[in-house]
1. Return the only residue of R203, R198, R149 being surrounded by 14 or more Cβ atoms within 10 Å (Cβ to Cβ), modelled with pLDDT of 95 or more, under 30 Å from A79 (Cβ atoms) and not aliphatic (A, V, I, L, M).
2. Which one is farthest from the chain's Cα centre (by Cα) among residues in region 96-113 that are among the charged types (D, E, K, R) and surrounded by fewer than 17 Cβ atoms within 10 Å (Cβ to Cβ)?
3. Could you pull out every one of the helices (runs of 4 or more DSSP H) wholly within region 24-92 that has 2 or more residues that are of a type outside the set (F, W, Y) and at pLDDT below 95?
4. Looking at R162, R137, can you tell me which residue is within 27 Å of A82 (Cα to Cα), surrounded by fewer than 19 Cβ atoms within 10 Å (Cβ to Cβ) and over 19 Å from the mean Cα position of the chain (by Cα)?
5. Output the residues belonging to region 65-89 that are among the aliphatic types (A, V, I, L, M) and more than 24 Å from E114 (Cβ to Cβ).
6. Could you identify the single residue in A93, A67, A82, A34 that is out of contact with any Phe, Trp or Tyr (no Cβ under 7 Å at 6 or more places or on another chain) and over 28 Å from R137 (Cβ atoms)?
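The values are calculated or read from the model by the stated rules, or taken from the named source; none is laboratory data. Computed from a predicted model, the values in this text were never measured in an experiment. All Cβ positions, glycine included, derive from the backbone under ideal geometry; neighbour counts span all protein chains shown.
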Amino acid sequence: MVARVARFMHHPGLTRVLGVIARSESTAVREAVARAWATRSDMIDDSALEGMTVDPAVPVRRGAVQAWLGAKRWDRLRAMLADPDPGVRFDVAVAFLDAPDASPLTQLQQDPDEMVRAALFVVRVLRGETAEPPADRSVSRAAAATALRQARALDLLRDAARNALDPKARAAAALGLAVADDEMAYQTMRSDPLWSVRDQVGRMLSGWEEPPDARRRA
């Protein structure tokens, strides 16, 4: 209960209390503390959170990813890129979406799990670092579309593709939507004021060998 309400509390002793609770034998309690730290980075006990990065329970480690993200501790997130669970590695990749530098994710290019590779691809698309489907076909469109929906809300991408003043921001959002075969990507391809944006989005829409899922066939 303390872990759940801690995000709404302000008390000088709360950091110490959560640091103790974080070492509970209960997986659910440890996870709850990590989730609380994700929204209240000012209360993080670094030592306890460091222990969570190697916690035997996957939900706790995934919570630790969110806590380090909330604190913008890219160094600690980088250390979790080798986590044995693909779900944790996926979360770490997505966490780097707004990082100053996403180059540490390069090591995920050869990840054995396709969804992890898809997360890397989507992060690069949304950061404006790539505008083409993977040349080596290491990621299917379906996996990329799924990763995209988990990384960013489509409504946010639609708004950016439609209204962002920066053409790079419009292009990145529309390219992400093109991965998901979203109608807004087609609108951007037809009507964006810049030919370069229209061209990039058109190539992303047509550059895949398969549709994003079985619901829509090209």
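1. Among R203, R198, R149, only R149 is surrounded by 14 or more Cβ atoms within 10 Å (Cβ to Cβ), modelled with pLDDT of 95 or more, under 30 Å from A79 (Cβ atoms) and not aliphatic (A, V, I, L, M).
2. D113
3. Filter on region 24-92 gives 27-39, 46-52.
4. Every option except R137 fails the conditions.
5. Correct list: A67, A71.
6. A34
Matching residues to (1) outside any loop (DSSP other than H, G, I, E, B); (2) buried (at least 17 other Cβ atoms within 10 Å of the Cβ); (3) assigned by TED's automatic domain parsing to the domain that holds D113:
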position: G176; (1), (2), (3): yes, yes, yes
position: D181; (1), (2), (3): no, yes, yes
position: Y186; (1), (2), (3): yes, no, yes
position: M189; (1), (2), (3): yes, yes, yes
